[in-house]
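A quick write-up on the structure given underneath.
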Amino acid sequence: QTIYRKDYAAPNYLADTVEMGFDLDPADTRVATRLTMTRNPAAKGRELVLFGEELELVALRLNGKTLSQDKGDFRIAAGVLTIPTAPASVELEIETLIHPDRNTSLMGLYVSNGNFFTQCEAEGFRKITYFPDRPDVMARFTVMLRADKARYPVLLSNGNLIEEGALPDGRHYAKWEDPFKKPSYLFALVAGQLVCQEETVRLHSGRDALLQVWVEEGNLDKTQHAMDSLKNSIDWDVERFGLDLDLERFMIVAVGDFNMGAMENKGLNIFNTKFVLANPRIATDVDFANIEAVVGHEYFHNWTGNRVTCRDWFQLSLKEGLTVFRDQEFSADMIGSDSGRAVKRIDDVRVLRQAQFPEDAGPMAHPVRPDSYVEINNFYTVTVYEKGAEVVRMYQTLLGREGFRKGMDLYFERHDGQAVTCDDFRAAMADANGRDLSQFERWYSQAGTPLLQAAADYDAKRKTLTLTLEQSCPATPGQKKKQPFHIPVAVGLLDAQGRDLALTLEGEKKAGATTRVLELTKAKQSFRFINVDQKPVPSLLRGFSAPVVLQFDYSDAELAFLMAHDSDAFNRWEAGQRLATRRLLNLTVAVQAARQSGHVVAVDTVLNNLQHDGALADALRATLQDESLDPAFRELVLTLPSETMIAEQMEVIDPHAIHVARQFLRRSLARELRDELLAVYRSHQTPGAYSPDAASAGRRALKNVALSYLAELDDEEAMALARQQDEDANNMTDRLAALSAILNSAAPGKSEALQRFYTEFEQEALVIDKWFTLQATARNADVNTVRTLTEHPAFTLKNPNRARSLIFSFCNGNPSAFHALDGNGYAFWAEQVIALNGSNPQVAARLARSLDRWRKYTPALQEKMRLALQQVAGTPKLSRDVAEVITKALAD
Ligand code: ARG
Ligand code: ZN
């Protein structure tokens, strides 16, 4: 059933202390919990409510007296244990029995490769014991772990280790105490055969802290980068926000089976191995950057999430949007340079557009602070995370860095130790800066991506430029009409030489900065700039100052001009993307027309005849050769919008036409820029020892995008380079780029290269994931390729990373093959969703979302997708997770 935000009620009882004892055993783990609670004066109800799922209740005592269900002391229904009457102050003792080795959902306590791990956010703690498992109930935890010493030598939980020792029968124990009150979702335990890299660091406060990165034996050669990232995170949070580590011990543990990226359990962060383990041999530049970001993200949660947490799960973005914003800023600061910051910004906006804009336009669209959900795990979304981060970024854009910092300081001053709401955060930002941010609330309550239409009117006589901004927002499920948003629009004006003008708004005495943040609050508003001597080219929404779609009627020439001159690197890149998108959409229409005329063979001829504007190729050539530009930035400019991005621009999506068009454009660009690409390839080698720093990574990225273009040509020289790189590479980035070039060319030797790679990395799960992904997304892959790979001995649906590497990569990352006309891609999707539904509903529901946009496709494809959706909908024992996604997709 559906849970509504408006139904929030404070808990009837508040917790004070929790003592837990675990007798760890994979088949039967006994959990004893002693919980002290007091009636909440602020609550209306009297009942004492505990949540529990998949538990065997062994005993329940209240203030020493055993309660009996038969006598009506309590009742259990649909995962809720209710004690109808209880005194104002209670001590509850609860004993449960659980079965970690049968837990395939990876929520609660589970076993991975023989070791124990937990994942409690959002509602996993209730799979460990009956508990008031909601984030506004916070308590001080003491945890006693007992287990066989040989099998489980390491026993970890939150906080400080206060005691450990031996027990009879080869068992041992460890007792942990967390000095901070916390909600149950931040509880964690880890037990097993693990080793760690550790280091004691002096904190800003002068205290010392022990930092540890725990991994399975044999992986200690892959922990240095995570450790470095952790230390950098600690320093950065002090530097930027004045927030220091509040613990004596901070642990990171890597686990191979994990539903998401990582988890910020107090003092005991648990990570997907993908976001911890790295060395040059197994990890790419992107992996290194992701690890830094995720280590930062989880560490930053210690303040934004743990010290101040969420009142209820509708407020999830309070901690996630804010913490993503913080990790984005951290990564940008780690790169340091302005151009590096811009590259990071472009990367983040790409993710937003590629994943969040479609979500905002589809059946699962929801506001940053949702109004309802069926399964909260379905709302750990790009909207809550990435759009939420954009919302936080807009505060900083509106208030300035200093104003934002003041707001943060006030937020912690007011709310440290509390469970609060997004409104509380907004109030802190407003009050600290003496501003009225009430309209800004709509960013939290209204779903959908706003459309911002801009028009510029130059008056040569008066020397004014009038910029008219008009906003609207499409309807989303449950929200037909939208009210205007408070949108910060950063603008600049370029003169004919491409220089920024100092901007003066009408009514101002002096010229101000070259970039001005206009605040659009109405549906339509005009802004007049004065003293504009000649007709300028506007640079709008600089730095992507708001998560909107901007429409402005640029000519091709103006876009090429902005690409060459805009001082705002984001918009420089943006202009190139607009130019390429325009070209790709034209080509797509041409492919469709050629196909319709029946001249299948003529498609290429038709396209070739279209090939004469040259503006894009010239602009790309100029960028490619501009040595003053950061190589990482040049790589971004050279990368064409993805097929998914193009699809989102079309009224009716035709994935095959898009694919043909994009491939055609890549090939013709490769032909036109061949010499320049070769030269760049040769001049951007990174000889010597590997380093993942941003500058070296940028050189590799540019070199490798050049290689991928060259591989389109299938000429001997290009393929020789790829084969040489495949032989010589001393790092995973170059190795993978070479293999990808070979795999996506028409050259022979594909299976040999794949085999060589497999044999070399067979023991490295994270690399084998890449091997699967490469094949699932290869140009010649189809559903049969992927089906065959599901039979490979190394494939298993049970491991989320492996499932994602093959199945998700195919369904989300190979659109033209997935959307095969025969509908076999959808049949495969349905099979896999159904299979996953039985073992891991959370991962199943993620895969279920691959058909979100089905109503946008051609009628023939729509029909086949509807059948596949209905097949899943009709499956017996459908989990709440999958049912919510499918029901919403099919709803009209
Ligand atoms: N709070 C974690 C993070 O963003 C994500 C955990 C989500 N887990 C889940 N099962 N929904 O860092
Ligand atoms: Zn998070």
FRET efficiency for residue 30 and residue 413, Cβ-Cβ distance as r, R0 = 60 Å, nearest 0.05? 0.90
Which whole number in µm²/s is D for region 236-315 by Stokes-Einstein, with the Kirkwood Rh taken over Cα pairs at 37 °C and 0.692 mPa s? 240 µm²/s
Apply 1/(1 + (r/R0)^6) to the Cβ-Cβ distance of residue 91 and residue 71, taking R0 = 22 Å, and write down the FRET efficiency to the nearest 0.05. 0.65
Amide H proximity to residue 171 below 5 Å, modelled H, separation 5+ or other chain, gives 149
In degrees rounded to 10, the 0-90 angle between helix 388-415 Cα long axis and the longest Cα principal axis of the chain is 30 degrees
Helix 732-743 sits at what angle to the longest principal axis of the chain, using alpha carbons and giving 0 to 90 degrees rounded to 10? 60 degrees
Size descriptor, Kirkwood hydrodynamic radius, that averages inverse alpha-carbon separations across region 122-245, Å: 16.7 Å
Ordering of 213-224, 313-324, 358-369, 98-109 by burial proxy (mean other Cβ atoms within 10 Å per residue, highest first): 313-324, 358-369, 98-109, 213-224
Alpha-carbon centroid distance for the pair region 362-431 / region 46-62, whole angstrom: 33 Å
Ranking request for peptides 117-125, 284-292: highest mean number of other beta-carbon atoms within 10 Å first, then the rest in descending order. 117-125, 284-292
In whole Å, largest first, the alpha carbons of region 1-152 cover along the principal axes 49, 36, 31
Packing-based ranking, highest mean first, of 14-23, 757-766 given that Cβ atoms within 10 Å are counted: 14-23, 757-766
Region 1-92: trypsin sites (Lys or Arg not before Pro) in DSSP coil with no more than 13 other Cβ atoms inside 10 Å: 44, 46, 71
Considering only DSSP states other than H, G, I, E and B, which GluC sites (Glu not before Pro) in region 50-85 qualify as loop sites with at most 16 other Cβ atoms within 10 Å? 54
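Dipole of the chain, Cα-centred, from +1 at each Lys and Arg C-beta and -1 at each Asp and Glu C-beta, to the nearest 20 debye?
In debye, rounded to 20, the chain gives about 2160.
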So how tilted is helix 316-335 from the main axis of the chain? Cα-based, degrees 0 to 90, rounded to 10. 60 degrees
Add +1 for every Lys or Arg and -1 for every Asp or Glu among the other residues with Cβ under 15 Å from the Cβ of residue 728, and state the total. +3
Total charge of the residues flanking residue 380 in space, meaning their Cβ is under 9 Å from its Cβ, with Lys and Arg +1 and Asp and Glu -1, is -2
With r defined as the distance between the Cβ atoms of residue 442 and residue 788 and R0 fixed at 45 Å, what FRET efficiency is calculated, to the nearest 0.05? 0.35
Once you wrap a convex hull around the alpha carbon atoms of the chain, what is its projected area averaged over all directions, in nm²? 38.3 nm²
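Values in this text are rule-based calculations from the coordinates and carry no lab data. Every value quoted in this text rests on a predicted model; they were computed, and no experiment measured them. Glycine also receives a Cβ, built like all others from the backbone with ideal geometry; neighbour counts cover every protein chain displayed.
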